[in-house]
Every structure is written in C-alpha cells, then in structure tokens.
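First up is the structure itself, then whatever we jot down about it.
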Amino acid sequence: MKGLILAGGMGTRLRPLSHTGPKQLVPVGNKPVLFYGIEALRDAGIEEIGIIVGYTDERIQFLKDSCGDGSEFGVKITYIRQDAPRGLAHAVDIAKDFMDGEDFVVYLGDNILKSGIKDFVEDFKTNGSDISLLLSKHKTPEKFGVALFNEENEITYVEEKPEKPKTDYVITGIYLFRNNIFDAIKNVKPGKKGELQLTDAIKEFVLSEDKKVKATIVDGWWDDTGNAEDILRANHLVLMDLKENIKGEVEEDVKIIGGVEIGEGSVIKKGSKIKGPVIIGKNCVIEGYVGPYTSIGDNSKIKGGEIESSIIVGEVNINFNEKIVDSLIGKDVVINSSENNLPKGHRFILGEHSEVRI
C-alpha cells in the first residue's frame with residue numbers, strides 16, 4: 001500500500017502566515033503539521049509516500065527543504081506537482097501513475113490524529129470494501145463532506161458541504177482507496193468553483209449496488225488545522241500529553257510547574273515562571289512568564305510580560321510588558337513595548353490578512 005499526502009492548497013484561511021510558505025508547515029507542538037501525517041503513514045507500515053505540492057516554485061522548495069527524500073522519517077517521498085488548485089479529485093487523479101495499481105491512503109496534509117491510522121489501514125486490508133472513510137463528529141458539519149452510515153458501518157449517503165447537513169459525522173480528510181477510484185474520478189464534473197470534488201467520486205461507489213464503502217469512527221481526537229483557531233486548538237491537544245524534558249539551562253529562582261520541555265541551548269532566566277504544558281525549542285532565551293498550552297520555536301528571545309495559549313513559530317524577538325494570549329506569531333516577528341516612546345502610540349507594520357487586538 002502507498003500513501004498520498006495532499007499539500008498543494010494555498011491556505012487562504014491561514015494568511016498572512018501562508019503567504020510565505022505552505023500552511024502544512026505551520027508548527028503544532030513545535031513540529032510542522034505535515035510531519036504528523038508522514039509519521040502516521042509510516043507507523044501504519046507505509047513506506048512510499050507521494051506528496052501533492054502546489055504550482056509555485058517557492059512553495060514546492062519549502063516542502064522539499066523540510067521533508068527531503070523522506071529518509072529522515074524512514075520512508076521514500078516522491079513530489080507530485082499540481083498545476084493549479086483544481087480540487088481533491090484532481091489531486092488524487094494526477095497520482096495514478098505513482099500508485100501503479102496499488103491500494104493507497106489519501107491524507108490531507110493539514111490533519112492531525114491522536115491515535116494515528118494503523119488500525120484503520122489494517123482493517124481495510126481485510127474488510128472487503130472498495131473505500132473506507134474515517135469519520136468524526138463535528139459541531140459545524142456544513143464546512144465538510146458529511147456521511148451517513150448504517151448499523152453495519154456501511155456508508156449510505158455522502159454530500160460535500162451541505163447547507164443543511166443530514167448528519168454531524170464529517171469525512172476527516174483521510175481516505176482508503178482501491179485502484180478503481182480512478183475510474184470514478186473520470187466521471188466527476190466540476191463543482192461550483194470549478195473544482196473536482198473527491199466526494200462526488202465516492203458518491204458513485206455509495207450509489208452502486210455492487211460496491212462497498214465503509215465508515216470507521218475516529219478513536220480519540222482529530223483536528224483539521226485549516227485556520228488560526230484550529231491550529232491553536234490542535235496545539236492544545238498535542239501538548240496535553242507533554243512530559244517534563246529539560247535539556248537547556250534553568251537559572252536560579254525559576255519556577256517550573258507541570259509538563260515542560262526545554263530544548264538544548266535554551267536559557268530560562270532568573271525569576272521566570274514556566275507553567276506547563278509548555279514546549280520551548282532550542283537556543284531560546286526566556287525571561288518572564290510562559291503559561292499553559294504555549295509552544296515557542298527555536299532561536300526565540302522573550303523578555304517581560306506573559307504569554308499563554310499561543311504558538312510562537314520561531315526566531316522572534318518579543319520585549320513586551322503586557323499579556324499575550326491565544327496568539328499565532330510567525331517567524332522573525334518583532335514585538336516591542338511602546339511605553340517609553342514619545343509621542344505615545346502604537347506602531348504597526350502589518351501585511352495582508354493580519355489581525356491585531358489591543
């Protein structure tokens with residue numbers, strides 16, 4: 001069996017962070033979201049993975065620089081270029097030659113699962129279905145593809161982003177296919193936005209009397225990290241299981257409470273307080289208070305103030321005497337206090353789609 005990770009989207013809901021790189025490389029728990037997918041496939045016994053990449057050279061290079069040839073993960077990665085965002089069915093279709101007749105997993109690159117997909121894959125090998133879909137309950141099913149299933153866990157209905165959903169079970173973005181899915185994709189017509197929907201290909205199997213589509217319900221939590229709120233929630237879920245692991249230097253009169261991970265070369269300055277779960281990367285300097293559910297990327301300097309429930313991507317310089325909460329702060333950001341500046345006021349240099357609350 002092979003794996004296919006879809007990482008070609010523009011990530012418009014995560015702007016401005018996604019202006020400069022793929023949304024799948026935004027870190028959760030100081031690890032790019034995409035890495036969770038690669039590791040989930042590997043842990044399920046899949047050794048060959050294709051990654052669908054976007055059509056801009058810069059974004060493609062970002063992914064190649066981050067994931068390499070896959071040897072770091074113990075897999076072999078092949079990059080497959082999609083010439084435009086033409087929908088999930090199109091993304092799967094262009095990987096037909098890569099699949100070479102084998103069964104395969106499709107894994108949307110912005111998904112994170114607590115339990116992985118090993119059991120999901122093993123069941124598919126023996127359950128006799130043409131397609132298996134991983135489902136989860138969601139409070140806003142109208143934003144996803146939805147599915148109904150019977151007592152035998154056979155799917156009887158699917159629909160893509162319905163205005164009035166018949167169910168709150170959504171398709172998580174992790175699919176298992178036989179090679180005959182490519183025949184169904186040939187019959188898919190473009191949707192409202194001109195894209196080819198994978199749900200429409202699946203519907204052909206659902207409506208067929210001699211085909212079988214099976215539902216598997218997610219064990220544990222699942223998160224689709226499509227926007228800033230989702231990313232922060234995923235960070236919260238990942239950090240819940242964090243254990244103490246201190247490799248950096250902790251000066252005197254520092255209070256560390258709960259699960260806190262501190263990377264090599266980092267220094268927690270005198271008088272600071274770190275209340276876990278918190279993960280701090282390598283070569284950071286922290287002087288102040290860092291509270292629960294915060295991840296701080298490598299080479300960051302933070303002085304003064306308080307930070308809670310936030311993601312600091314890395315290489316930032318924050319010298320700020322107030323409280324930062326529920327924030328997603330990109331790479332190379334500088335935040336300085338303006339309290340000593342004259343004339344009084346706040347100074348901003350912000351790109352498109354930024355958000356500021358003061």
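Here the 3J(HN,Hα) profile of segment 229-236, calculated from phi with Karplus coefficients 6.51, -1.76 and 1.60 at θ = phi - 60°, is 4, 5, 4, 5, 5, 4, 4, 4 Hz, Gly and Pro shown as x. Close amide H contacts of ILE80 (hydrogens built in the peptide plane, cut-off under 5 Å, sequence separation of 5 or more or a different chain): ILE51, ILE52, VAL53.
Whole-Hz Karplus values for segment 149-166 come out as 9, 9, 5, 8, 6, 8, 6, 10, 7, 9, 8, 8, 6, x, 5, 10, x, 7 Hz, taken residue by residue from phi with 6.51 cos²θ - 1.76 cosθ + 1.60 and θ = phi - 60°; glycine and proline positions read x. Taking amide H positions as placed 1.01 Å from N in the peptide plane, with prolines and chain starts having none, which residues 5 or more places from VAL267, or on another chain, fall under 5 Å of its amide H? Under 5 Å from the amide H of VAL267 lie the amide H atoms of GLU249, CYS284, VAL285, ILE286, each far enough along the sequence or on another chain.
Scanning the chain for chymotrypsin sites (Phe, Trp or Tyr not before Pro) lying in DSSP loops with no more than 14 further Cβ atoms inside 10 Å, the longest uninterrupted stretch between such sites is 56-347. For GLU306, the residues whose modelled amide H falls within less than 5 Å of its own, excluding neighbours fewer than 5 places apart on the same chain, are GLU322, LYS323, ILE324. Based on the alpha-carbon gyration tensor of segment 243-336 and its eigenvalue square roots a ≥ b ≥ c, which shape applies: rounded if a/c is under 1.5, prolate if not and a/b is larger than b/c, or oblate? It comes out rounded by the Cα gyration axes. In the structure shown, the pairs LYS269/LYS323; LYS76/LYS139; LYS96/LYS193; LYS166/LYS212 are assessed against 28 Å; a Cα-Cα span above that value is assigned to LYS76/LYS139.
In sequence order, segment 255-263 has phi-based couplings of 9, 10, 10, x, x, 10, 10, 10, x Hz under the Karplus curve 6.51 cos²θ - 1.76 cosθ + 1.60, θ = phi - 60°, and Gly or Pro positions carry x.
Tell me whether segment 2-238 comes out rounded, prolate or oblate; compute the Cα gyration tensor, take square roots of the eigenvalues as a ≥ b ≥ c, and use a/c under 1.5 as the rounded threshold. Rounded, because the longest to shortest axis ratio a/c is under 1.5. Beta bridges assigned by DSSP with both partners in segment 2-238 are antiparallel in approximately 50 percent of cases.
Throughout, read-outs are computed from the coordinates displayed, never taken from laboratory work. Note that this is a predicted model, so its numbers are computed, not measured. All Cβ positions, glycine included, derive from the backbone under ideal geometry; neighbour counts span all protein chains shown.
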